[in-house]
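Colleague: This is the structure I want to talk about, given as structure tokens.
The values are calculated or read from the model by the stated rules, or taken from the named source; none is laboratory data. It should be emphasised that the depicted structure is a prediction, and the values quoted were computed from it without experimental measurement. Cβ atoms come from the backbone with ideal geometry, glycine included; neighbour counts cover every protein chain shown.
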Amino acid sequence: MVISPLQKERLKYAPKLPGMLRNGIAEISVQEGAPTQSAADQEKIQALFPNTYGKNEITFVKGQNTSPAKKQVVGVILSGGQAPGGHNVVCGLYDALKATNSENVLYGFKGGPSGLLEDNYLIFDDEYIDQFRNTGGFDIIGSGRTKLETEEQFAVAAEVAKKHGITAIVIIGGDDSNTNAAVLAEYFAAHNTGVQVIGCPKTIDGDLKNDDIECSFGFDTACKTYSELIGNIERDCNSSKKYWHFIKVMGRSASHVALECALETQPNVCLISEEVAEKKMSLSQIADYIADAVEKRAAKGLNFGVVVIPEGVVEFVPEFSVLIQEINELLAGSNADAFNQLGTWAEKYAFIEKGLTKESMAVFAILPEAIQQQLFLERDPHGNVQVSLIESEKLFSAMVKAKLDARKAAGTYTGKFSAQHHFFGYEGRCAFPSNFDADYCYSLGYNAFMLIQYGYNGYLSKVANLSKPAEEWTAGGMPITKMMNMERRHGEDKPVIKKALVELDGKPFQYFEAHRETWAVETAFTYPGAIQYYGPAEVCDLTTKTLALEKGMEF
């Protein structure tokens, strides 16, 4: 296999561990904290998790290792979308497992949770795992989006574990995947299988975090990758001085990526979905907000700029959410077949006009035709609009153009407006992990095995104090149930990990809010450049602006 010079060097990189984990397996002891309770709906969550609820948080400290000496056979699963650093979680898990006992075994279930159900696996050895150290992607065993949520699935998982003598399963995933991990852990405990389940917090969206989980892995690398691309576009924008670039970035349920990229690159406009919802902004108001920046810059002879848009922003617009709900109802059941049999867009438009309320039709009518048609593309498995397929970057640029044309007709705007469109998503999911993510992920995996060795079940691997140098990081675990609440999903109340949205009273947003008026009018672009792997720590081991601000650091 031919590999690049950078990959050759990255394979040699020795990830940094928290100082305490460097002491050696024999000198890692446990300090128990207070019992925990769920984020909300305590009685309901406790009733659903009687065997794993309310457990103590734990921290690993230097001291005599009192864990029982026994052979461990561990299974690992990569679940959900890719995130930079996933390979290092597996590597850290493997290294800790082998350092404890060379007879320990690590199974990798292929293609995500379905690999466990189908008993599709490989057994890791040094030669295989060494090919993937410090690299991006999930190709070490692949990933998948199968959910582990039914009694039948749990029974199959238990049988597969029993067949191989598996003592623990590590699930590396986001909020849904770790919710599944918690439910599986409860099943294993209730049925006395002797199998533990440990989760690891992954998502580039950054919405799996709380007081205990400061940052999900992959967020750092993905945001730095997107920020490099945005910075490149800003430089081109400031060179040619003739385009407004509308850039959509990942973030369906929260705007952490958009906010971090804005803090890194200082674009003229960045929409924050949570603010749109808080202010109940309409599509027209958002378009006016962007058009105001375009007009102010045009008055200074600056007919160019950059707008950053989070992927899911349209779902946070109240009127658009109602429109989506009505479309979902309109195309329910046999109506979908009737709609799809219509031959022309004019016929379909008439069908839509009859089916929507007057208010929602008014919203639908102002959308560009291309966006209208995107709302009626292939549905998701539940028959709903796939909002992620909506090209919101094109939606807003078209609406801004219409606003500017109206202002030009009224004589209040005399500038030029020409738009370019970009969507940065897959570009960041499998990037070479930054030093931060390489270190953090390796620590999460190493730490996950220590939780296994000490017998914990239904816990999330926790590495904290992340704004400090790695040697000052702390390691331990928290019960997954601590992060859970009840939500309505597909007509049923379900226990789920509560998503973390951008806090409008938090320091990262407040910093952005304090500077955005200046950025809107001035050309204040910053150019982060590519991720740096070698050189001074202040360049190579930088944390995100978001985490730095949350921890009160200056930048």
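Colleague: Scanning for something within 16 Å of the chain's Cα centre (by Cα) and of a type in the set (Lys, Arg), does segment 467-484 turn up at least one residue?
Modeller: no
Colleague: In addition: Just to be sure I understand the filter: pairs with C-beta atoms under 7 Å, separated by 6 or more residues or on different chains, first member in segment 126-148 and under 19 Å from Asp95 (Cβ atoms), second member hydroxyl-bearing (Ser, Thr, Tyr). Which pairs pass?
Modeller: Ile129/Tyr94; Asn134/Tyr13
Colleague: Kindly indicate the residue of segment 419-440 that is touching a strand residue (DSSP E or B) at 6+ places or on another chain (Cβ under 7 Å) and not in a helix (DSSP H, G or I) and also nearest to Gln31 (Cα to Cα) among those meeting that condition. Step through it out loud before you land on a result.
Modeller: Of segment 419-440, the ones touching a strand residue (DSSP E or B) at 6+ places or on another chain (Cβ under 7 Å) are 419-424, 437, 440.
Pick out the ones that are also not in a helix (DSSP H, G or I) and you get 419-424.
Values: Ala419: 57, Gln420: 55, His421: 52, His422: 49, Phe423: 46, Phe424: 43 Å.
For segment 419-440, the residue satisfying everything is Phe424.
Colleague: Shifting gears a bit: Report, by residue number, each residue of segment 441-464 that is under 21 Å from Gly54 (Cβ atoms) and not in a strand (DSSP E or B).
Modeller: Leu451, Ile452, Tyr454, Gly455, Tyr456, Asn457, Gly458
Colleague: Another question, then. How many residues, within segment 501-550, are surrounded by 18 or more Cβ atoms within 10 Å (Cβ to Cβ), more than 25 Å from Asp236 (Cα to Cα) and of a type in the set (S, T, N, Q)?
Modeller: 2
Colleague: For residues that are β-branched (Val, Ile, Thr) and farther than 30 Å from Glu264 by Cα, scanning just segment 179-226, find the one that is surrounded by the most Cβ atoms within 10 Å (Cβ to Cβ). Give the derivation first.
Modeller: Residues of segment 179-226 that are β-branched (Val, Ile, Thr), as a first pass: 179, 183, 193, 195, 197-198, 203-204, 213, 221, 225.
With farther than 30 Å from Glu264 by Cα added as a condition, the list becomes 179, 183, 193, 195, 197-198.
Details: Thr179: 23, Val183: 24, Thr193: 18, Val195: 24, Val197: 29, Ile198: 31.
So, considering only residues that are β-branched (Val, Ile, Thr) and farther than 30 Å from Glu264 by Cα, the one surrounded by the most Cβ atoms within 10 Å (Cβ to Cβ) is Ile198.
Colleague: To continue, here is another question. Would you mind finding the one in Val76, Val160 that is under 20 Å from Gly458 (Cα atoms), among the β-branched types (Val, Ile, Thr) and touching a Phe, Trp or Tyr at 6+ places or on another chain (Cβ under 8 Å)?
Modeller: Details: Val160 fails: touching a Phe, Trp or Tyr at 6+ places or on another chain (Cβ under 8 Å).
One residue alone meets the criteria, Val76.
Colleague: Among the numbered criteria (1) buried (at least 17 other Cβ atoms within 10 Å of the Cβ); (2) more than 26 Å from Leu259 (Cα to Cα); (3) modelled with pLDDT under 90, which single criterion is violated by Asn328?
Modeller: With respect to (1) buried (at least 17 other Cβ atoms within 10 Å of the Cβ); (2) more than 26 Å from Leu259 (Cα to Cα); (3) modelled with pLDDT under 90, Asn328 is out only on (1).
Colleague: Turning to a different aspect of this structure: Please determine, by comparing only the residues of segment 330-366 that are of a type outside the set (D, E, K, R) and touching a residue at least 40 places away in the same chain (Cβ under 8 Å), which one is nearest to Ser282 (Cα to Cα).
Modeller: Val363
Colleague: Kindly provide the set of residues from segment 31-90 that are within 17 Å of Val170 (Cβ to Cβ) and aromatic (Phe, Trp, Tyr), ordered by number.
Modeller: Scanning segment 31-90 gives a single hit, Phe60.
Colleague: Among the residues of segment 463-475, are any among the β-branched types (Val, Ile, Thr) and not assigned by TED's automatic domain parsing to the domain that holds Pro15? Full working, then the answer.
Modeller: Filtering segment 463-475 down to residues among the β-branched types (Val, Ile, Thr) leaves 463, 474.
Restricting the remaining residues to those that are not assigned by TED's automatic domain parsing to the domain that holds Pro15 gives none.
Within segment 463-475, none of the residues are among the β-branched types (Val, Ile, Thr) and not assigned by TED's automatic domain parsing to the domain that holds Pro15.
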